[in-house]
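Novice: Here's a structure for you.
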There are 2 protein chains.
Amino acid sequence: MPEPTAPETPAPETPAPGRAPFGARLGAAMDEHGPLCVGVDPHPGLLDAWGLPRSAEGLRRFTLTVLEAAAGHAAALKPQVALYEPYGAAGFAVLEELLAEARSAGLLTVADAKRGDIGSTMEAYAAAWLGEGSPLAADAVTLSPYLGFESLRPALDLAARTGRGTFVLALTSNPEGRSVQHAGGRESVAGSVCAAAAAENARLLAAAAEPAARGGLGSCGLVVGATVGNALTELGIDLTAVRGPLLAPGYGAQGARAEELPAVFGAAAGQVLAASSRAILRRGPDVAALREAVRRSSGELSAALG
Amino acid sequence: MPEPTAPETPAPETPAPGRAPFGARLGAAMDEHGPLCVGVDPHPGLLDAWGLPRSAEGLRRFTLTVLEAAAGHAAALKPQVALYEPYGAAGFAVLEELLAEARSAGLLTVADAKRGDIGSTMEAYAAAWLGEGSPLAADAVTLSPYLGFESLRPALDLAARTGRGTFVLALTSNPEGRSVQHAGGRESVAGSVCAAAAAENARLLAAAAEPAARGGLGSCGLVVGATVGNALTELGIDLTAVRGPLLAPGYGAQGARAEELPAVFGAAAGQVLAASSRAILRRGPDVAALREAVRRSSGELSAALG
């Protein structure tokens, strides 16, 4: 195992060799393949449906099958870390293998971990998911801002140094999320998270080495549900100002159809990276059938959002 | 590896054999040893100071040394999961070993993981940290409610079924936390989290099988910083109504002294489980010196809060 980046002794401000900022890399992948992020969600029920055991080996076969189907046909892959945790260390070993294989296959990864803490503890989460040489390093990680957007600073800064990215939870469509995210009304919690991400991307894009990057997406993304309805208007949130990618769960299966997304995201539709898992995964375990579902979703999303 | 509890097929509502509710078990441990929770925080700088390598083996030796020093002298042990994650699967293997050894030693564990998500994803986090037979099962886990307190329901319910507990982030003292936790003013986010925990404990305590448990602590705890100052008064929050344990980071080292805690927590002082890590851990690696620091902190806290 490579020695992990020590959280208390961050590397100097040197970009990782040969790695463009995450926002630029994601933008290029979305242009090439369409704005689909394939969720790797090994729910126990899906393992059953695929004829796989509920074990680390079943988890591994599921995971590598989804990777094989998605590589070259989707912008990114999003493993749901929660579904690996019940298997303990053995589950994390599968996650390590997925992240390494995806890197080899040139497929961007978003670790859906929703981590969040303060100070040197947050530094450790950042080192784990965004640090050079970490066995769990992904291209981006999802973060949760209950301790304040600025508490996530160690991850934002490490991402900038290593050409990686973040997706901070902003606004979701689950009804119980309103009690936190809508609090404050027109000065809502969700609105303040969006404003902070906008400021972060403005800073990152202004400092970008390549002129082309300055017109593209910043590396600080947000998680905004595809089925939030008119909540964005209600809270007075302008997502175009964020200038970062918008990871949108809730597309496909029982969620939103591709053609409904422009109504939700308006002028920010071009920033949307739509996440889909079940609608695609239920087509497995046949790789060809999975790949066909990935291609169809990527195409639908390109047509609707492109 | 034992097959993990399948998140989609929860066990029926039968308490785990021979395990009293977490609140009752924690209350008894606090009565016996004093209200100290020893943080197991293997910061890279502490590994250096202890003469240990920044590797999984260094992590393991650090972890088992803290366990040896704390067993029989503190109410609980709180491994900081973030500090294990940079080592990937190898770090989680150390965490599995710690949790199993603590169980054998009769020492309660609080996995400080600050997890939070929705639906079947939250079920998976619950299964990982609170599920019977899971390799990472602890006595309690910390949770983050950005998606709403009720989004944590799968963990609250599984904890009730397995005699385990939760500590939900409510109010912290880091300045950037105000943007979320204080939002809404007198109808603040932090206040709504406290109210929801109060309702949860009222339900749990009313349903308790043993009359003695009804007068004790519920199993839904909160995380409330030891250095929040007058924020509780400012937001109109009454922690006695919560009737659950209050995990209070910020005691010791650069934080609050034991004798300052009653001013912060008032009539809820008896519910406080004070977390201390650096003030104790900097006394290592000598086990006797660590144990002496644990005993002294436990004694100070008993005197101040008991």
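Novice: Report, for A:Asp157, each distance to the same residue's label point in the other copies, shortest first and in nm; define the point 7 Å along Cα→Cβ.
Specialist: Label-point separations across copies, in nm and ascending: 4.2.
Novice: In whole percent, what relative contact order does region B:22-305 give with Cα contacts below 8 Å and a gap of six or more residues?
Specialist: Computed over region B:22-305, the figure is 21 percent.
Novice: When a/c reaches 1.5 or more, the comparison of a/b and b/c decides; with that in mind, is region B:165-306 rounded, prolate or oblate per its Cα gyration tensor?
Specialist: Verdict is oblate for region B:165-306.
Novice: Nearest 20 debye, what's the magnitude of the dipole of chain A about its Cα centre given +1 on Lys and Arg Cβ and -1 on Asp and Glu Cβ?
Specialist: That gives a dipole near 440 debye.
Novice: Can you tell me the dipole magnitude for the protein assembly as shown around its Cα centre, using point charges on the Cβ only (Lys, Arg +1; Asp, Glu -1), in Debye to the nearest 20?
Specialist: 220 debye
Novice: Could you state the number of Å between the C-alpha centres of region A:18-69 and region A:275-291?
Specialist: The distance from the Cα centre of region A:275-291 to that of region A:18-69 comes to 10 Å.
Novice: Residue by residue through B:110-118, how many Cβ atoms from other chains fall within 10 Å of the Cβ on average?
Specialist: 5
Novice: Moving to a separate point now. Where Lys and Arg each count +1 and Asp and Glu each count -1, what net charge lies around B:Leu158 among other residues with Cβ under 10 Å from its Cβ?
Specialist: So the surrounding residues net to 0.
Novice: Per DSSP helix of 4 or more residues, -39500 (n - 2.57); summed, then divided by the residues of chain A. What does that give at 222 nm, rounded to the nearest 500?
Specialist: Rounded to the nearest 500, it is -12500 deg cm²/dmol.
Novice: Over the whole of A:133-146, what's the average partner chain Cβ count within 10 Å per residue? Rounded to a whole number, please.
Specialist: Average per residue, whole number: 4.
Novice: How about region B:128-159: which chymotrypsin sites (Phe, Trp or Tyr not before Pro) there lie in a loop by DSSP and see at most 16 other Cβ atoms within 10 Å?
Specialist: Sites meeting the loop and neighbour criteria: none at all.
Novice: To one decimal in nm, how far is A:Ser104 from the same spot in the other copies, if labels go 7 Å from Cα toward Cβ? Please give the shortest first.
Specialist: 3.7
Novice: Taking each residue in A:123-130, count the Cβ atoms of any other chain within 10 Å of its Cβ, then average. What number comes out?
Specialist: Rounded to a whole number, the mean comes out at 5.
Novice: Using Stokes-Einstein with the Kirkwood hydrodynamic radius over Cα pairs, what translational diffusion coefficient do you get for chain B at 37 °C and a viscosity of 0.692 mPa s, in µm²/s rounded to a whole number?
Specialist: My calculation gives 171 µm²/s for D.
Novice: Please report, for A:Ala241, the nm distances (one decimal) from its label point, 7 Å out from Cα along the beta-carbon direction, to the equivalent points in the remaining copies, shortest first.
Specialist: 3.5
Novice: I've got another one for you. Please give the net charge around B:Ala226, taking every other residue with its beta carbon less than 10 angstrom from that of B:Ala226, where Lys and Arg add +1 and Asp and Glu add -1.
Specialist: Here the count lands on 0.
Only the coordinates and a few stated rules stand behind these numbers; no lab work does. Values in this document were obtained by computation on a predicted structure and should not be read as measured data. Virtual Cβ from ideal backbone geometry, glycine too; neighbours counted across all protein chains shown.
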